Number of protein chains: 2
Amino acid sequence: MNYPVVVDVTLRPGIADPEGATIERALPALGFAGVRHVRAGKTFRLEVEADDETGALAVARSLAERLLSNPVIEDAAVRVESR
Amino acid sequence: MNYPVVVDVTLRPGIADPEGATIERALPALGFAGVRHVRAGKTFRLEVEADDETGALAVARSLAERLLSNPVIEDAAVRVESR
């Protein structure tokens, strides 16, 4: 069966996020004064063929750690997407 | 009150995704034969000060459309993140 999986890659706490910081600096001038703590991340959506959800998530987790993220500075979370 | 909001930016259906295609091409050689339809996207996490959840989402949606995405080729979805 094919499972739709989302891999969410975020910077670890404490790692500098220049993209988020740049967005945050631009916000007051654009009228978004109440928005803070902007952090940028990446998301990958993929279909994993597996016998069950647990198997699909295991494949996705291995893929996320080996290929889609840099474990030194990033965390990767996987979940099956509800359709 | 501060609401933690996630802005999920994805390429619209039919828009070419070179990053996703490159990852997909590399998968068989790395032992991930059962993984298909890789699509890359961006995620922004931010805190929005608002009176209620509806207000926070409205601010985030406006921000997502004006600043965080290109509406010609991308869709933006906003949600309040459960803690």
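The values are calculated or read from the model by the stated rules, or taken from the named source; none is laboratory data. Because the structure is predicted, anything quoted here is derived from the model rather than measured. Virtual Cβ from ideal backbone geometry, glycine too; neighbours counted across all protein chains shown. Remember, those area values only see protein heavy atoms, side chains included, never the ligands or the DNA or RNA. Shrake-Rupley method; radii C 1.70, N 1.55, O 1.52, S 1.80 Å.
Just a few scattered comments:
- Remark: relative contact order (chain B) = 50 percent; criterion is Cα-Cα distance under 8 angstrom and separation of 6 or more residues.
- Using heavy atoms of the protein chains and a probe of 1.4 Å, the accessible area assigned to B:Lys42 is about 70 Å².
- Converting phi to 3J(HN,Hα) with the Karplus coefficients 6.51, -1.76 and 1.60 and the offset θ = phi - 60°, the stretch A:70-79 yields 10, x, 5, 10, 10, 9, 10, 10, 10, 8 Hz in sequence order, with x at every glycine or proline.
- Interface between chains A and B: roughly 2800 Å² of accessible area buried, both sides summed (probe 1.4 Å, protein heavy atoms only).
- With the label put 7 angstrom out from Cα along the Cα-to-Cβ vector, A:Ala26 ends up 2.8 nm from the copy partners, going from closest to farthest.
- Shortest-first nm distances, B:Ile15 label point to equivalent points in other copies (7 Å, Cα→Cβ): 2.5
- Crossing angle, helix A:53-63 versus chain A [Cα axis fit, 0-90 degrees, rounded to tens]: 60
- Residue-averaged beta-carbon neighbours from other chains (10 angstrom radius) around B:58-68: 3
- Chain A residue nearest the rotation axis toward B, with distance: A:Thr43, 2 (Cβ to axis, whole Å).
- For residues of B:25-37, the mean tally of beta carbons on other chains within 10 Å: 4
- Rounded to whole Hz, the Karplus (6.51, -1.76, 1.60) HN-Hα couplings of the stretch B:30-38, x for glycine and proline: 9, x, 9, 6, x, 10, 9, 6, 7
- For the pair B:Arg12 and A:Ser62, label points projected 7 Å from Cα toward Cβ lie 3.8 nm apart.
- Computed on chain A, the Cα convex hull volume stands at 112 Å³ per residue.
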